[in-house]
(Lines give C-alpha, C1' and ligand atoms only; values in the text may rest on other atoms or scores of the structure.)
Protein backbone atom coordinates (compact mmCIF):
# COMPACT_ATOMS: atom_id res chain seq x y z
CA UNK A 1 0.00 0.00 0.00
CA UNK A 2 2.69 2.44 1.03
CA UNK A 3 4.81 1.85 -2.14
CA UNK A 4 1.76 2.62 -4.27
CA UNK A 5 1.13 5.90 -2.44
CA UNK A 6 4.79 6.81 -2.73
CA UNK A 7 4.73 5.91 -6.42
CA UNK A 8 1.94 8.40 -7.15
CA UNK A 9 3.60 11.01 -4.94
CA UNK A 10 6.95 10.71 -6.71
CA UNK A 11 5.18 10.49 -10.06
CA UNK A 12 3.51 13.82 -9.38
CA UNK A 13 6.90 15.19 -8.36
CA UNK A 14 8.48 13.90 -11.57
CA UNK A 15 5.85 15.52 -13.73
CA UNK A 16 5.91 18.81 -11.79
CA UNK A 17 9.69 19.14 -12.01
CA UNK A 18 9.65 18.13 -15.68
CA UNK A 19 7.09 20.87 -16.32
CA UNK A 20 9.40 23.32 -14.54
CA UNK A 21 12.22 22.19 -16.89
CA UNK A 22 10.12 22.72 -19.98
CA UNK A 23 8.60 26.04 -18.98
CA UNK A 24 11.67 27.38 -17.19
CA UNK A 25 12.81 30.89 -17.98
CA UNK A 26 16.54 30.32 -17.60
CA UNK A 27 18.78 27.47 -18.60
CA UNK A 28 20.40 27.14 -15.17
CA UNK A 29 17.02 26.89 -13.45
CA UNK A 30 15.89 24.30 -15.96
CA UNK A 31 19.03 22.26 -15.34
CA UNK A 32 18.42 22.36 -11.58
CA UNK A 33 14.81 21.25 -12.04
CA UNK A 34 16.02 18.47 -14.32
CA UNK A 35 18.30 17.24 -11.53
CA UNK A 36 15.32 17.18 -9.17
CA UNK A 37 13.35 15.30 -11.82
CA UNK A 38 16.09 12.67 -12.08
CA UNK A 39 16.04 12.19 -8.31
CA UNK A 40 12.28 11.60 -8.39
CA UNK A 41 12.71 9.20 -11.31
CA UNK A 42 15.38 7.33 -9.39
CA UNK A 43 12.92 6.94 -6.52
CA UNK A 44 10.42 5.54 -9.01
CA UNK A 45 12.98 3.01 -10.25
CA UNK A 46 13.59 1.99 -6.65
CA UNK A 47 9.87 1.52 -6.02
CA UNK A 48 9.57 -0.58 -9.16
CA UNK A 49 12.24 -2.90 -7.77
CA UNK A 50 15.42 -1.82 -9.60
CA UNK A 51 17.81 -0.48 -6.95
CA UNK A 52 20.87 -0.84 -9.21
CA UNK A 53 19.36 1.28 -11.95
CA UNK A 54 18.16 3.81 -9.38
CA UNK A 55 21.73 4.23 -8.17
CA UNK A 56 23.04 4.42 -11.75
CA UNK A 57 20.42 7.03 -12.58
CA UNK A 58 21.77 9.34 -9.89
CA UNK A 59 25.44 8.58 -10.53
CA UNK A 60 25.43 8.88 -14.30
CA UNK A 61 22.67 11.39 -14.95
CA UNK A 62 23.09 13.71 -12.00
CA UNK A 63 26.76 13.06 -11.38
CA UNK A 64 28.01 13.15 -14.95
CA UNK A 65 25.54 14.36 -17.56
CA UNK A 66 23.94 17.21 -15.63
CA UNK A 67 27.32 18.38 -14.36
CA UNK A 68 28.41 18.54 -18.01
CA UNK A 69 25.30 20.57 -18.85
CA UNK A 70 25.93 22.97 -16.00
CA UNK A 71 29.58 23.32 -17.02
CA UNK A 72 28.58 24.29 -20.54
CA UNK A 73 25.85 26.66 -19.35
CA UNK A 74 28.29 28.44 -17.07
CA UNK A 75 31.04 28.35 -19.71
CA UNK A 76 28.84 30.13 -22.21
CA UNK A 77 27.83 32.74 -19.68
CA UNK A 78 24.62 34.66 -19.24
CA UNK A 79 24.39 36.09 -22.74
CA UNK A 80 24.78 32.62 -24.21
CA UNK A 81 21.78 31.15 -22.47
CA UNK A 82 19.40 34.08 -22.52
CA UNK A 83 15.76 33.08 -22.19
CA UNK A 84 14.66 33.01 -25.80
CA UNK A 85 11.13 33.75 -26.70
CA UNK A 86 9.35 30.43 -27.12
CA UNK A 87 7.83 29.38 -30.39
CA UNK A 88 4.08 29.53 -30.77
CA UNK A 89 3.07 26.87 -28.31
CA UNK A 90 -0.21 26.07 -30.05
CA UNK A 91 1.22 23.73 -32.66
CA UNK A 92 3.46 22.03 -30.13
CA UNK A 93 0.53 21.63 -27.74
CA UNK A 94 -1.65 20.13 -30.44
CA UNK A 95 1.02 17.63 -31.46
CA UNK A 96 1.51 16.57 -27.85
CA UNK A 97 -2.23 16.35 -27.19
CA UNK A 98 -2.79 14.07 -30.18
CA UNK A 99 0.15 11.90 -29.21
CA UNK A 100 -0.94 11.62 -25.58
CA UNK A 101 -4.50 10.81 -26.58
CA UNK A 102 -3.35 7.97 -28.79
CA UNK A 103 -1.05 6.70 -26.07
CA UNK A 104 -3.93 6.83 -23.59
CA UNK A 105 -6.11 4.78 -25.90
CA UNK A 106 -3.34 2.20 -26.28
CA UNK A 107 -2.74 2.05 -22.53
CA UNK A 108 -6.45 1.70 -21.78
CA UNK A 109 -6.99 -0.98 -24.41
CA UNK A 110 -3.85 -2.98 -23.78
CA UNK A 111 -3.96 -3.89 -20.13
CA UNK A 112 -6.89 -4.64 -17.90
CA UNK A 113 -4.53 -5.09 -14.96
CA UNK A 114 -2.58 -7.84 -13.30
CA UNK A 115 -3.97 -10.18 -10.74
CA UNK A 116 -0.76 -11.03 -8.90
CA UNK A 117 2.10 -8.84 -7.82
CA UNK A 118 4.68 -8.70 -10.62
CA UNK A 119 8.21 -9.64 -9.63
CA UNK A 120 11.08 -7.62 -11.10
CA UNK A 121 14.19 -9.58 -12.16
CA UNK A 122 16.77 -9.68 -9.39
CA UNK A 123 20.27 -8.29 -9.45
CA UNK A 124 21.84 -11.70 -9.93
CA UNK A 125 19.92 -12.43 -13.12
CA UNK A 126 20.60 -8.94 -14.44
CA UNK A 127 24.37 -9.06 -13.99
CA UNK A 128 24.49 -12.60 -15.38
CA UNK A 129 22.61 -11.46 -18.48
CA UNK A 130 24.85 -8.42 -18.83
CA UNK A 131 27.99 -10.54 -19.12
CA UNK A 132 26.52 -13.40 -21.16
CA UNK A 133 23.68 -12.53 -23.52
CA UNK A 134 24.51 -8.85 -23.64
CA UNK A 135 28.28 -9.14 -23.66
CA UNK A 136 28.71 -7.87 -27.22
CA UNK A 137 26.50 -4.77 -26.80
CA UNK A 138 28.15 -4.16 -23.44
CA UNK A 139 31.60 -4.15 -25.04
CA UNK A 140 30.34 -2.05 -27.94
CA UNK A 141 29.23 0.65 -25.50
CA UNK A 142 32.87 1.14 -24.56
CA UNK A 143 33.71 1.71 -28.23
CA UNK A 144 30.82 4.16 -28.45
CA UNK A 145 32.03 6.05 -25.38
CA UNK A 146 35.60 6.28 -26.70
CA UNK A 147 34.28 7.52 -30.04
CA UNK A 148 32.12 10.10 -28.24
CA UNK A 149 35.05 11.31 -26.15
CA UNK A 150 37.28 11.59 -29.23
CA UNK A 151 34.53 13.41 -31.10
CA UNK A 152 33.85 15.82 -28.26
CA UNK A 153 37.56 16.58 -27.88
CA UNK A 154 37.99 17.17 -31.61
CA UNK A 155 34.93 19.37 -31.79
CA UNK A 156 35.64 21.28 -28.62
CA UNK A 157 39.26 22.16 -29.37
CA UNK A 158 39.63 25.84 -30.00
CA UNK A 159 40.66 26.53 -33.61
CA UNK A 160 42.46 29.72 -32.66
CA UNK A 161 45.10 28.20 -30.40
CA UNK A 162 47.95 27.00 -32.64
CA UNK A 163 49.41 23.56 -32.23
CA UNK A 164 52.70 23.97 -30.33
CA UNK A 165 54.25 21.08 -32.24
CA UNK A 166 53.44 22.61 -35.63
CA UNK A 167 55.94 24.94 -37.30
CA UNK A 168 55.07 28.62 -36.92
CA UNK A 169 52.85 30.06 -39.63
CA UNK A 170 54.29 32.52 -42.12
CA UNK A 171 52.49 35.82 -41.88
CA UNK A 172 52.47 37.95 -45.04
CA UNK B 1 0.86 -2.68 -5.74
CA UNK B 2 1.56 -0.42 -8.65
CA UNK B 3 -0.36 -1.19 -11.88
CA UNK B 4 1.91 -1.40 -14.91
CA UNK B 5 -0.48 0.69 -16.98
CA UNK B 6 -0.08 3.59 -14.54
CA UNK B 7 3.70 3.46 -14.94
CA UNK B 8 3.26 3.55 -18.70
CA UNK B 9 0.89 6.51 -18.39
CA UNK B 10 3.43 8.36 -16.24
CA UNK B 11 6.11 7.61 -18.84
CA UNK B 12 3.83 8.83 -21.62
CA UNK B 13 3.12 12.09 -19.80
CA UNK B 14 6.83 12.59 -19.19
CA UNK B 15 7.54 11.94 -22.87
CA UNK B 16 4.81 14.42 -23.79
CA UNK B 17 6.41 17.07 -21.61
CA UNK B 18 9.77 16.35 -23.22
CA UNK B 19 8.44 16.65 -26.75
CA UNK B 20 6.52 19.79 -25.80
CA UNK B 21 9.76 21.33 -24.57
CA UNK B 22 11.57 20.20 -27.70
CA UNK B 23 9.01 21.82 -29.98
CA UNK B 24 8.58 24.93 -27.86
CA UNK B 25 12.11 25.97 -27.00
CA UNK B 26 14.58 27.65 -29.29
CA UNK B 27 17.59 27.46 -26.99
CA UNK B 28 19.83 24.60 -28.07
CA UNK B 29 20.71 23.61 -24.49
CA UNK B 30 17.02 23.42 -23.59
CA UNK B 31 16.48 21.17 -26.61
CA UNK B 32 19.11 18.75 -25.32
CA UNK B 33 17.53 18.76 -21.85
CA UNK B 34 14.14 17.93 -23.39
CA UNK B 35 15.78 15.01 -25.18
CA UNK B 36 17.09 13.77 -21.83
CA UNK B 37 13.55 13.90 -20.44
CA UNK B 38 12.27 11.81 -23.34
CA UNK B 39 15.06 9.24 -22.94
CA UNK B 40 14.19 8.89 -19.26
CA UNK B 41 10.53 8.35 -19.96
CA UNK B 42 11.52 5.54 -22.33
CA UNK B 43 13.65 4.04 -19.53
CA UNK B 44 10.69 4.14 -17.17
CA UNK B 45 8.53 2.33 -19.71
CA UNK B 46 11.19 -0.33 -20.27
CA UNK B 47 11.46 -0.95 -16.54
CA UNK B 48 7.70 -1.19 -16.12
CA UNK B 49 7.58 -3.83 -18.85
CA UNK B 50 10.55 -5.69 -17.38
CA UNK B 51 8.89 -5.75 -13.97
CA UNK B 52 5.61 -7.04 -15.35
CA UNK B 53 7.24 -9.83 -17.34
CA UNK B 54 9.93 -10.63 -14.78
CA UNK B 55 12.32 -10.38 -17.71
CA UNK B 56 15.90 -9.13 -17.68
CA UNK B 57 15.82 -7.86 -21.27
CA UNK B 58 13.77 -4.81 -20.38
CA UNK B 59 16.02 -4.08 -17.44
CA UNK B 60 19.11 -4.15 -19.69
CA UNK B 61 17.83 -1.46 -22.04
CA UNK B 62 18.07 1.46 -19.57
CA UNK B 63 21.76 0.65 -19.11
CA UNK B 64 22.41 1.10 -22.82
CA UNK B 65 20.14 4.13 -23.01
CA UNK B 66 22.23 5.62 -20.21
CA UNK B 67 25.45 5.11 -22.18
CA UNK B 68 23.96 6.52 -25.36
CA UNK B 69 22.61 9.51 -23.43
CA UNK B 70 26.06 10.20 -22.01
CA UNK B 71 27.66 10.03 -25.46
CA UNK B 72 24.92 12.19 -26.93
CA UNK B 73 25.32 14.81 -24.22
CA UNK B 74 29.09 14.95 -24.70
CA UNK B 75 28.96 15.39 -28.48
CA UNK B 76 25.87 17.59 -28.39
CA UNK B 77 27.36 19.99 -25.88
CA UNK B 78 30.60 20.17 -27.88
CA UNK B 79 28.49 21.11 -30.92
CA UNK B 80 26.69 23.74 -28.84
CA UNK B 81 30.02 25.28 -27.84
CA UNK B 82 31.05 25.48 -31.51
CA UNK B 83 27.67 26.99 -32.37
CA UNK B 84 28.12 29.62 -29.68
CA UNK B 85 31.65 30.44 -30.88
CA UNK B 86 30.48 30.98 -34.44
CA UNK B 87 27.12 32.65 -33.88
CA UNK B 88 27.24 34.03 -30.31
CA UNK B 89 23.70 32.74 -29.93
CA UNK B 90 22.08 29.43 -29.17
CA UNK B 91 18.93 30.15 -31.14
CA UNK B 92 18.28 27.13 -33.33
CA UNK B 93 15.95 29.20 -35.53
CA UNK B 94 18.98 31.14 -36.75
CA UNK B 95 20.64 28.03 -38.11
CA UNK B 96 19.65 28.25 -41.73
CA UNK B 97 22.93 27.76 -43.52
CA UNK B 98 21.87 24.29 -44.68
CA UNK B 99 18.55 25.48 -46.07
CA UNK B 100 18.26 25.16 -49.88
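The values are calculated or read from the model by the stated rules, or taken from the named source; none is laboratory data. Computed from a predicted structure; not experimentally measured. We place every Cβ from the backbone using ideal geometry, glycine too, and count neighbours over all the protein chains shown.
Any idea which of B:69, B:28, B:74 is buried (at least 20 other Cβ atoms within 10 Å of the Cβ), farther than 26 Å from residue A:10 by Cβ and modelled with pLDDT of 90 or more?
Values: B:69 fails: farther than 26 Å from residue A:10 by Cβ; B:28 fails: modelled with pLDDT of 90 or more.
Result of the check over B:69, B:28, B:74: B:74.
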Working only within the range B:20-35, note down all residues that are under 13 Å from the mean Cα position of the chain (by Cα) and free of Cβ contacts under 8 Å to residues at least 24 places away in the same chain. B:20, B:21, B:22, B:23, B:30, B:33, B:34
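Within the group B:42, B:49, B:74, which residue is part of a helix (DSSP H, G or I) and within 30 Å of residue A:157 (Cβ to Cβ)? First the steps, then the outcome.
Details: B:42 fails: within 30 Å of residue A:157 (Cβ to Cβ); B:49 fails: within 30 Å of residue A:157 (Cβ to Cβ).
The unique qualifying residue is B:74.
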Cβ contacts < 6 Å: first residue outside any helix (DSSP H, G or I), restricted to the range A:24-35; second residue surrounded by fewer than 17 Cβ atoms within 10 Å (Cβ to Cβ), any location; separation 6+ or different chain. Result? A:25/A:83; A:26/A:83
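Is at least one residue of the range A:138-145 modelled with pLDDT under 90 and either part of a helix (DSSP H, G or I) or more than 7 Å from every other protein chain (Cβ to nearest Cβ) (or both)? Reasoning before the result, please.
As a first pass, look at the range A:138-145 and keep what is modelled with pLDDT under 90: none.
Checked against the condition, which is being modelled with pLDDT under 90 and either part of a helix (DSSP H, G or I) or more than 7 Å from every other protein chain (Cβ to nearest Cβ) (or both), the range A:138-145 yields no hits at all.
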Here is a check on your reading of the model: is residue A:43 over 11 Å from the mean Cα position of the chain (by Cα) and within 18 Å of residue A:18 (Cα to Cα)? yes
Output the qualifying pairs, or none if there are none: Cβ atoms under 6 angstrom, residues six or more apart or on different chains, first residue in the range A:3-23 and more than 7 Å from chain B (Cβ to nearest Cβ) and under 18 Å from residue B:30 (Cα atoms), second residue modelled with pLDDT of 90 or more and in a helix (DSSP H, G or I). A:17/A:33; A:17/A:36; A:17/A:37; A:20/A:33
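Can you say whether residue A:126 is at pLDDT 70 or above and either more than 9 Å from every other protein chain (Cβ to nearest Cβ) or closer than 22 Å to residue B:10 by Cβ (or both), as far as the supplied structure shows? I'd like the intermediate steps shown before the answer.
Details: at pLDDT 70 or above: yes; either more than 9 Å from every other protein chain (Cβ to nearest Cβ) or closer than 22 Å to residue B:10 by Cβ (or both): no.
Against the criterion (at pLDDT 70 or above and either more than 9 Å from every other protein chain (Cβ to nearest Cβ) or closer than 22 Å to residue B:10 by Cβ (or both)), residue A:126 does not qualify.
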